[in-house]
1. FRET efficiency for SER92 and GLU188, Cβ-Cβ distance as r, R0 = 22 Å, nearest 0.05?
2. Would you please put 87-96, 103-112 in order of how densely packed they are, using the mean number of other Cβ atoms within 10 angstrom per residue and starting with the highest?
3. Put a dot 7 Å past each Cα toward the Cβ at ILE160 and ASP140; how far apart are the dots in nm?
4. Evaluate E = 1/(1 + (r/R0)^6) for ALA16 and ARG169, where r is the Cβ-Cβ distance and R0 equals 41 Å; express this FRET efficiency to the nearest 0.05.
5. Leaving out ligands, DNA and RNA but keeping every protein chain, what accessible area does PHE126 have, in Å² rounded to the nearest 10, with a 1.4 Å probe?
6. At 1.4 Å probe size, with every protein chain present, just tell me what the per residue accessible area of the chain comes to in Å².
7. In whole Å, how far is the Cα centre of the range 160-196 from that of the range 27-43?
8. With both partners inside the chain, how many of the DSSP beta bridges are antiparallel, as a percent to the nearest 5?
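The values are calculated or read from the model by the stated rules, or taken from the named source; none is laboratory data. Quantities reported herein were computed from a predicted structural model and do not represent experimental measurements. As a convention, Cβ positions derive from the backbone with ideal geometry for all residues, glycine included, and neighbour counts pool all protein chains shown. For the accessible areas, the whole protein counts, side chains as well, though only heavy atoms, and no ligand, DNA or RNA atoms are used. Shrake-Rupley method; radii C 1.70, N 1.55, O 1.52, S 1.80 Å.
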Amino acid sequence: MFELLLPRRCVGCGAAGVTLCELCRCAWRSPPFRVYPRVDPRVPVFALGPWGGVHRATVIGLKERGRRDAIPEIGAVLGSAIRYLAARGDLSMDPGTVLSPAPTRRRSARLRGGDTVAAVCRESGFEVVPLVYLAPSTRDSAGLDAASRRSNLVGAVRRINRVGRSVDRVVLVDDVVTTGATAGVTVECLAVAGIQVTGVVVLTAA
Ligand SMILES: [Zn+2]
């Protein structure tokens, strides 16, 4: 319906007529790079882009502005980045390794029309198994320092009870890494369940 009323605009720069223009697509296709968050999650962390410009605009578009039309494109970029990292030996994607979205509050994900990161993962070509969520009482960590973020998160990252499918190796995927606290706590939470996180891949690094 909106498509009929509003002309489509590039999610990265606002150019008219496309979901993602050629320039923004180029920006998204630059190779992923290793990042070193302040809180070391003790697994390698890779980002597809910096938290700025085209990358930031795209993530905000996906998460806050309902630009679900851009999900297939960004999912394909994520898939290529993971294959690139695996081919270089930077990220282990041995058979059986699945992607798992970083934990979100279920309610806020529902309000956005579903977990955006999970939707991007599903377009990557890899198998996706959600394993964690954030307890509803978790405070928003914006404005907290690294130590407070961590204590806010310990106990708040919960495992989703799954029946049947057994997973033992995952790559965590998130939209943005800031302090690394969420990734670190999630790695520990999954380790308790015997699930090894082989790496973290984020769309953007702040
Ligand atoms: Zn653009």
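1. Working: r = 19 Å, r/R0 = 0.86.
Computed FRET efficiency for SER92 and GLU188: 0.70.
2. Working: 87-96: 12.1, 103-112: 16.2.
Packing proxy ranking, top to bottom: 103-112, 87-96.
3. If labels sit at ASP140 and ILE160, their model points lie 2.4 nm apart.
4. Values: r = 43 Å, r/R0 = 1.06.
For R0 = 41 Å, the calculated efficiency reads 0.40.
5. 50 Å²
6. On the way: 10410 Å² over 206 residues.
I get 51 Å² per residue for this part.
7. 17 Å
8. Details: 7 of 25 bridges.
Expressed as a percentage, antiparallel bridges in the chain total about 30.
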